[in-house]
1. Mind telling me which of the residues 158, 112, 130, 181 ends up being assigned to a helix (DSSP H, G or I) and under 16 Å from the mean Cα position of the chain (by Cα)?
2. Is there any pair linking a residue in segment 371-383 that is under 14 Å from residue 295 (Cβ atoms) to one that is assigned to a helix (DSSP H, G or I) and modelled with pLDDT of 95 or more, with Cβ under 6 Å and at least six apart or on different chains, and which?
3. So the check is Cβ under 6 Å with 6+ separation or different chains; which pairs have a first residue in segment 128-147 that's under 22 Å from residue 222 (Cα atoms) and a second one that's part of a helix (DSSP H, G or I)?
4. From 187, 129, grab the single residue that is buried (at least 17 other Cβ atoms within 10 Å of the Cβ), at negative phi, touching a strand residue (DSSP E or B) at 6+ places or on another chain (Cβ under 6 Å) and at pLDDT 95 or above.
5. Which of the residues that make up segment 213-234 are outside any strand (DSSP E or B) and modelled with pLDDT under 95?
6. Report yes if some residue within segment 200-210 is without any contact (Cβ under 8 Å) to a residue 60 or more places away in the chain and in contact with a helix residue (DSSP H, G or I) (Cβ under 6 Å, 6 or more places away or on another chain); otherwise report no.
């Protein structure tokens, strides 16, 4: 009797463990997949429009989307050529660059699959580059397929480019053999270096869906020797890009938004002289107080900068003198206040609250929000009438060392 119970238990355990052994029944080798590493999206010109394939539709037989055709350029990893370490060399290209056109992104990907033997796989997609013209026309047409596809990681980078996005797919930067990895790592490292707030496609969708904030993306341009420069911040209203900032204004944006890590530096004139010093922001502390003034939204913004002097333009400047340092601190705070007010005015003119001020009103004054605002479109109009007070303090903590 005892032996029968033991045998029954073993049989039950065997059948319970049996389903676990089938975990890899649908596995596919990496070499059998066409791994897409990067996607560039441009508007199709007249020459590209003639390349429209009849894969997802027949010409003049079905209704087609009204939007202009888009040109999609992809980087596909070539098996065995992706370098796994610093010792791997060779002149063979690690990626294959291909271009197709389509009425939508999914239509273009279907056309691309028609030209490739292996199945397209987007699980290793690292970056999507949108040309400025596409971003200004609107990104809504791209959201649906990207959000529905379970293969696409929400941590993939999304950027706007000054040049055609196809050029970014063909770059060969000297610092990395795989262009897409170089681009993605650059965007990822911007946050750690204090050059840009955290930015990835999942965060872009979250901000786009919020009622009190507009989305933003890094704005890139190509320099000589196939290097990439962060040219500014592209800000949106709804799904359309409505403007961009200068590179230094990214630091101003981060201050208003409350990003603590500093990274930008600027020249400041020493009061009473014609000499300059280079000031670098090491950290920031931002406080935002919201209120209603004459029935309109009003904010009081207080920002404290912790700075250091990186360089002085002349030996005549005595930064060891505390009185000189106090003058530099006041001049720095004055310049930063002007920059903050200028950026707020610029985004107000476009109705683009990229700072998320609307989310403060939505959280702290819910009755006002539910009675007067309710929608993102209404907040865009209310943001244009926003009044504000800005107070900036700057404190110099370090002036560096100099051996005598």
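1. 181
2. 373/379
3. 129/165; 129/168; 131/165
4. Going through 187, 129 in turn, just one is buried (at least 17 other Cβ atoms within 10 Å of the Cβ), at negative phi, touching a strand residue (DSSP E or B) at 6+ places or on another chain (Cβ under 6 Å) and at pLDDT 95 or above: 129.
5. 223, 224, 225, 226, 227
6. no
The values are calculated or read from the model by the stated rules, or taken from the named source; none is laboratory data. Keep in mind that what you see is a predicted model, and the values were worked out from it rather than measured. Here the Cβ is made from the backbone with ideal geometry for all residues, glycine too, and neighbour counts use every protein chain on show.
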